[in-house]
1. If a residue has to be more than 15 Å from the ligand (Cβ to nearest atom) and open to solvent by less than 30 Å² (accessible area, probe 1.4 Å) to count, how many in the stretch 437-459 make the cut?
2. Any chance you could count how many residues in the stretch 276-325 are within 16 Å of the ligand (Cβ to nearest atom) and free of Cβ contacts under 8 Å to residues at least 40 places away in the same chain?
3. If only one of VAL252, VAL274 is touching a helix residue (DSSP H, G or I) at 6+ places or on another chain (Cβ under 6 Å) and more than 24 Å from HIS467 (Cα to Cα), which one is it?
4. In the stretch 104-160, what residues are part of a strand (DSSP E or B) and open to solvent by less than 20 Å² (accessible area, probe 1.4 Å)?
5. Could you check the stretch 158-177 and list, in sequence order, the residues that are touching a helix residue (DSSP H, G or I) at 6+ places or on another chain (Cβ under 6 Å) and within 16 Å of the ligand (Cβ to nearest atom)?
6. Given the criterion buried (at least 18 other Cβ atoms within 10 Å of the Cβ) and outside the structural domain of ALA324 (by TED's automatic domain parsing), identify the matching residue among VAL54, VAL84.
7. Quick check on my filter: what residues within the stretch 347-399 are part of a strand (DSSP E or B), under 11 Å from ARG294 (Cα atoms) and over 24 Å from the mean Cα position of the chain (by Cα)?
Amino acid sequence: MATAVAPTAYKNYIGGEWVSPASGKGIENRNPANTDELVGIFPASTEEDVNLAVEAAKNAFDSWRLTPAPKRAEILYRAAEILVQRKEDIARDMTREMGKVLAETRGDVQEAIDMTYLMAGEGRRLFGQTTPSELPNKFAMSVRSPIGVCGLITPWNFPIAIPSWKMMPALVCGNTVVIKPAQDTPLSTYYLVQVLEEAGLPAGVANIVSGTGTLAGSPLVNHPDVKLISFTGSTDTGRIINEACAPAFKHVHLEMGGKNIIIVMDGANIDLAVDGAIWGGFGTSGQRCTAASRVAVHKKVYGEFTEKFVARAKKLRVGNGLDADTDMGPVVNEAQLQTVMKYVEIGKQEGAKLAAGGHRLDTGKYAKGWFFEPTVFIDCNPTMRICQEEIFGPVVSVMPIGSLDEAIEVANGVKYGLSSSIYTRNINDAFRAQRDLDTGIVYVNAPTIGAETHLPFGGTKQTGNGHRESGLAAIDFYSEWKTVYMDYSDRLQRAQIDNSE
Ligand code: UN1
């Protein structure tokens, strides 16, 4: 099937110019709901392009860092306003390149809008501390300094929200950036950069270089002039990046895998828990780091929950995310589909009971896309691979548990620690759970997804490396503390010595 409009060949944005990649080659961006539809052709960038982008960002750094933060923020305000106007168009194109349903791509753009406004507001704060000195006639304060050129590597599941989580705090703090968007979803990130250009961001302050992780991401990580790397993606890639950044002590923020759990206690509102497990497990076709891929249900309500949950999963309508009657879109690409199919086989071999789905959809309206049925395994054992490993697809594993203690042990018994949730009406259980669940995010009576932009986002254990993004926590990562002592005594004053007599 031919595309209605000839697909555009997109360019990199380097030093304020839209330029073709040195390789002259492009990467096709195809609609995962209909692979006949070519969304666009994006630069297959290589080290040469990355070097130019880093140089442009380095050259722009001095004037950008000296631009007063409230002025930097004004550009972000304008960008947020343009995003508001374009929300619908960007969302539609995002569904075409990524597959998730329109309500969710609208949410993705809204998340970028929220983050851009939030960081614009920070331009008039960026608070440090002032505090008394221990010595007379001496003034002490701490201020935030920008770090330099930031290399940002972003995933395909939130193609504009996550780039905004990284770019906006980086920019408001006075850094310059080079972003390498996900190969599967560069268009949404291009729109974000275009919007910043239109909002008046000076040349070189934000640059975009698209391409593969190997040919474009790796040279960005390894470039000596890149002082900071922020990466969202798999734990395996995160480890490689962390090691690559270690010799030069680059600042590194890593946001990686998840195996998030919903705990359903006896006495919980079961219908509410079913709603949450459906949304948390099958929203974005399960392709969120925060997806609720495990559900642990108290034995007393296990039968009722699983019956209702399985029935709802079976009723979900799979299709093109642009169709109003679609509940769940395709997965992003063939490799992801293969991973999902592999894990369904593993689950069956491990002896989990397949209660819904389990099959690829590839006939009729599904023939040209990467569709998979919403899949539920029940009667799972927490040690099964489908209960331990991140699948990143529409597969949920349900396990019976006998007590809150057991549920928390099961919840914490994975290598990841991003998000967790408990459904209960028992206030004691709720408070114990939020204290003892070893994850960066805990929800009570809500699913594992749905983080808001003004709070810290990130996880423990192999999900993260101790940093958080989003919220004011992002400001901590994208700035460096500088402590300033101003001595106006006109004499040598020795701390710890001259004031201790
Ligand atoms: C991710 O899964 O990679 O909380 C990010 C959520 C979204 C962000 C998810 N606001 O699910």
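The values are calculated or read from the model by the stated rules, or taken from the named source; none is laboratory data. Fair warning: this is a prediction, and the values are worked out from it, not measured in the lab. FYI the Cβ positions are ideal-geometry reconstructions off the backbone, even for glycines, and counts take in every protein chain you see. In case anyone asks, the SASA skips ligands and DNA or RNA and just uses the protein heavy atoms, side chains included. Shrake-Rupley method; radii C 1.70, N 1.55, O 1.52, S 1.80 Å.
1. 1
2. The number of residues fulfilling the criteria is 1.
3. Exactly one of VAL252, VAL274 is touching a helix residue (DSSP H, G or I) at 6+ places or on another chain (Cβ under 6 Å) and more than 24 Å from HIS467 (Cα to Cα), namely VAL274.
4. ALA140, SER142, VAL149, CYS150, GLY151, LEU152, ILE153, listed by residue number.
5. PHE158, PRO159, ILE160, ALA161, PRO163, SER164, TRP165, MET168, PRO169
6. VAL54
7. The answer is VAL376, PHE377, ILE378, VAL398, MET399.
Quick grid of which residues meet (1) out of contact with any strand residue (DSSP E or B) (no Cβ under 8 Å at 6 or more places or on another chain); (2) of a type outside the set (A, V, I, L, M):
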{"residue": "VAL209", "(1), (2)": "no, no"}
{"residue": "SER218", "(1), (2)": "yes, yes"}
{"residue": "LEU228", "(1), (2)": "no, no"}
{"residue": "GLY233", "(1), (2)": "no, yes"}
{"residue": "GLY258", "(1), (2)": "no, yes"}
{"residue": "ILE270", "(1), (2)": "no, no"}
{"residue": "GLY280", "(1), (2)": "no, yes"}
